[in-house]
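Written below as structure tokens is the structure these notes are about.
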Amino acid sequence: MPFYPSYYPQEITLETVPATTAAERLTRNTLHGYVGADPFAGKAPPKHVTPVASLGGWVVVTFNPAARRLATADARCAAGRRIVSGLGEAPRFRLHPYPVTPFHADYLHHADLAETAVARGRSRPAGSEPPLRLRARGSLAAALIGGHHGSGAAWDAVVEEVAAADVLAAHGATTNGWMGPPWIKEGWFHAWAILAPAIADAGARRRADEALARVTVPAERLEERIAREREMVGEVGAGCERVVAGYTIRREWVNADYSAGVENVAADAQSGLNSAMFVRTVKLKDFPWNGWLALGMPDRAAAAWNPVAGFTDAPGRLVWAAVGDPALFPEPYGNGWTDNRVRLESVESTGRPIPIPPDALLPEPGRGTLREVGDGKTARARVTYQVLGSAFHDGTRPTIADTLAPYAFLTAWATGGGDGHDAHVERATAAARDALAGVRVVRVETKTLRFGDIVMQYEVPIVEVYLSRGGVDAHALAAMAPPWSPVPWPVLALLDEATRRGIGALSAGEAARRRVPWLDLVRDAQARERLVALVRGFEAAGHVPPPLARLVDERQARRRWGALGRFAAEHRHLLVTSGPYDVHEAAPGRVVLRVVRDFSYPLGVGSFDRYPIPLRAFLGRPVARGSRVEASVEVERVERFGREHRIVTEPLAARLGQKDAALPACRFLVLGPRGAVTRAGTMAPVEPGVCAVDLDGLPRPATVLLTAAVNGNHVEPQIATMRVDSPGGPEAR
């Protein structure tokens, strides 16, 4: 059949492996990839392994608040420029004294500011100031500052690396089937995340947080949003309590051996191989549709495995990426979102109030009970989804209750009191709960796939979600509060009851506060016995959780609890999902995941094959033609032969008119006098294969920044710049 459900590896083994052992195993072809670290750092790798590059983090300089000669912003900023300009070189360090990097998709919106900062960082400040006493945290920082170390207890500044993985883990959230916040990969948000914590002055910190709040409130115009983002980055860095010196590049390695290796590898520009896209694209070369994938990581899984507030460490995130199934994924080489278990059917966000149907549901604060919103309510946006359900691993089929359960239970945990409240869930769901104004199941459609004599049918709920916020980015709105859960409602209800009865807590923080175990549905044998006993009691009683009383009856509940109990008896754990993999074996330092080849699963091998080889577009020198600025475009394409491929660059003009040709998207930013954002957007290339920006009606002088991206690849873009000055004409580069 041309449709093969789930993804390429039939089994994934993830082991805790020290870096030295990983290097040996990659060399001997007994390991396919090493996630999270570089086992070949400082030594030559074998020829059959290949690196995967992503953003490692930022090198920052943080000043000592007690240093008297650095008490003012002017003194700190001047000292920061001196330190940055005096740094040495290191293999994975790039001098870039601006927090938004070329690994961020919004780099185009900051490229002029970043370029100015880089030029300043490369120049040596004039004057002779007393030497600064520096400390280094980590070997990279020590190499960069060389012999300029401070002595004794006195110090002026510390140089260190802030890892991108730590920023993503601290501020991102994977709660059930929701990932977010929608701006988790934006450079402006990372600027706030790494610089704001160092601001000691209460007033300055308040202004920085207010600037962040202004950015996260949607703007109706893209130009307004970009202007806010640029202003916020300036605000959080204004006091120079911490300054960015540059960024680092992380290298992870995969085995590319002709027979024993893997191909089709997609990684994330910021999280590298530890991403949902990696496990959904990687393919073993000797097994077209199956195979046993062996991965290593330096750290042992320590976080509990529960779908609400678990899987928070690096191994847990990779396991959940395979076992769980989010509604949408972050684009691997961009800052948008990719449909996964929901399809974005339409988005209405016109700036005018949108009536909410009275029968739309909204969870009550406290217990999360789903109530009708009633008459007279309006929203700023309406997002309509197709929900792609499939059978759960316990054999049950999804219902409307499973689709709506996350709204009920996550609201209850976030807003409840006493032992029914979890601060982690409150923080993780804050943006979604603030935005949600109502949810309504419009209808359930039947989709049919035919392959010869074989007919497969899928029931697809059409769901409207009403939001109290609008905006210009449709997929960002879609990622706010999508109607999806990869786990059945009985699992969510079981976790809810377990927290209320003191069996455990959802998050690490709440477990420590209450002095109970962090709920683990797989590896905690003692908790599992108590949870299984709960399941048996709920089956006997036909227990319906109060938040879902209007959606589930006693007979349905008894059937669902029975299926969960039988799954637990057979699999020795309770982590039921509808994801592409399930947990087959879990031991200290080792977990084995097995594929679920269920034909009700709506996605198959090749679903994300547009991502594994990120192609680029290149711009020629821009020219002015009348009121337009144009730049010719060249694009890359892949030529395959056997198990190998090569990338060929050709003029875009040769691709225009071709059927199914992947055309680049032209992105542009126009800055007017004094750097004001006057025009921005994305457009398709035009004949004869050029990106064109219309400057008609814009004030002069104007600076045009222009780039192009293929298949959403915005990493390390080539940016063409032209200044258009009325009296003097254009200058291009």
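Derivation of every value follows stated rules applied to the coordinates shown; laboratory data play no part. Since the model is a prediction, treat every value here as computed from it, not as a measurement. Backbone-built Cβ (ideal geometry, glycine too); neighbour counts: all protein chains shown.
Relative contact order for the range 200-328 using alpha-carbon pairs under 8 Å, separation at least 6, rounded to a whole percent? Working shown, then result.
Numbers: 111 pairs, mean separation 17.9, N = 129.
Relative contact order of the range 200-328: 14 percent.
Would you work out the charge dipole size for the range 421-504 about its Cα centre, treating the Cβ of every Lys and Arg as +1 and the Cβ of every Asp and Glu as -1, and quote it to the nearest 20 debye?
Values: 9 positive and 10 negative charges, 16 e Å.
Once rounded to the nearest 20, the dipole reads 80 debye.
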With N residues in the range 617-732, what two-decimal value do you get for its Cα radius of gyration over 2.2 N^0.38 Å? 1.17
In the chain, what % of DSSP beta bridges are antiparallel (nearest 5)? 90 percent
Per-residue ellipticity at 222 nm for the chain, helices alone: DSSP H runs ≥ 4 residues times -39500 (n - 2.57), over residue total, nearest 500 deg cm²/dmol? -8000 deg cm²/dmol
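As a footprinting exposure proxy, order 171, 393, 645 by other Cβ within 10 Å, with the fewest listed first. Walk me through the numbers before you get to the answer.
Values: 171 16, 393 22, 645 12.
Ranked by crowding around the Cβ, least crowded first: 645, 171, 393.
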Which residues qualify? For residue 257, with a placed amide H closer than 5 Å and at least 5 residues away or on another chain, they are 262
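Can you give the charge dipole size of the chain about its Cα centre, rounded to the nearest 20 debye, using +1 on the beta carbon of Lys and Arg and -1 on the beta carbon of Asp and Glu? Don't skip to the end; give the middle numbers.
Values: 86 positive and 79 negative charges, 186 e Å.
The dipole of the chain has a size of about 900 debye.
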Full extension between residue 443 and residue 231 adds, at 0.36 nm per residue less the Cα distance, a length in nm of 71.9 nm
With point charges of +1 on the Cβ of Lys and Arg and -1 on the Cβ of Asp and Glu, referenced to the Cα centre of the range 606-733, which listed residue (622, 720, 675) lies farthest in the positive direction of the dipole? 675
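Rg to Rh ratio, the chain, alpha-carbon atoms and Kirkwood radius? Please list the in-between numbers first.
Details: Rg = 26.6 Å, Rh = 27.5 Å.
We get a ratio of 0.97 for the chain.
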Farthest toward positive dipole pole in the chain [+1 Lys/Arg, -1 Asp/Glu at C-beta], among 549, 519, 142: 142
Check: C-alpha center the range 197-274 vs C-alpha center the range 570-586, spacing in Å is 34 Å
Per-residue ³J(HN,Hα) for the range 417-431, Karplus 6.51 cos²θ - 1.76 cosθ + 1.60, θ = phi - 60°, Hz, x for Gly and Pro: x, x, 6, x, 10, 9, 5, 4, 5, 4, 5, 5, 9, 4, 4
Checked the range 361-506 against the a/c 1.5 cut and the a/b vs b/c comparison, axes a ≥ b ≥ c from its Cα gyration tensor; verdict oblate
Karplus-derived HN-Hα couplings along the range 372-381 (A = 6.51, B = -1.76, C = 1.60, θ = phi - 60°), whole Hz, x at Gly and Pro: 5, 6, x, 7, x, 8, 10, 9, 9, 8
For residue 616, which sequence-distant residues (separation of 5 or more, or a different chain) have an amide H within less than 5 Å of its own amide H, given hydrogens modelled in the peptide plane? 636
A correct Karplus calculation of ³J(HN,Hα) over the range 334-350, with 6.51 cos²θ - 1.76 cosθ + 1.60, θ = phi - 60°, whole Hz and x for Gly and Pro, returns x, 10, x, 10, 9, 4, 10, 9, 10, 10, 7, 7, 6, 9, 10, 8, 9
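Over the range 617-732, what is the mean sequence separation of C-alpha contacts under 8 Å (at least six apart), divided by residue count, expressed as relative contact order in percent?
Values: 246 pairs, mean separation 32.6, N = 116.
Relative contact order for the range 617-732 comes out at 28 percent.
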Neighbouring Cβ atoms within 10 Å as the yardstick, rank 139, 54, 349, 485 fewest first. 139, 349, 54, 485
The chain: angle of helix 489-500 to the longest principal axis, Cα-based, in degrees nearest 10: 80 degrees
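At a threshold of 8 angstrom on Cα-Cα distance, excluding pairs fewer than six apart, so keeping six or more, what relative contact order does the range 494-612 reach in percent? Spell out each step's value before the answer.
Values: 121 pairs, mean separation 19.0, N = 119.
Across the range 494-612, relative contact order equals 16 percent.
Only four residue types carry charge here, +1 at the Cβ of Lys and Arg and -1 at the Cβ of Asp and Glu. Report the dipole size of the range 617-732 about the Cα centre in Debye, rounded to the nearest 20. Intermediate values should be presented prior to the final figure.
Working: 14 positive and 13 negative charges, 28 e Å.
With only Lys, Arg, Asp and Glu charged at Cβ, the dipole is about 140 debye.
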Amide hydrogen neighbours beyond the local backbone of residue 381, cut-off 5 Å, H modeled: 467, 469
Put +1 on the Cβ of every Lys and Arg and -1 on every Asp and Glu Cβ in the range 328-432; which of 388, 409, 334 then has its Cα farthest towards the positive end of the dipole? 334
Base-10 log of normalised Debye intensity for the range 165-304 (one unit scatterer per alpha-carbon) at q = 0.11, 0.13, 0.15, 0.17 Å⁻¹: -0.60, -0.76, -0.91, -1.03
Nearest 10, in degrees from 0 to 90: the angle of helix 111-122 to the longest Cα principal axis of the chain is 60 degrees
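How would the range 359-418 be classified by its alpha-carbon gyration tensor: rounded, prolate or oblate, with rounded meaning a/c under 1.5 and the a/b versus b/c comparison settling the rest?
Working: a/c = 2.48, a/b = 1.27, b/c = 1.96.
Cα axes put the range 359-418 in the oblate bin.
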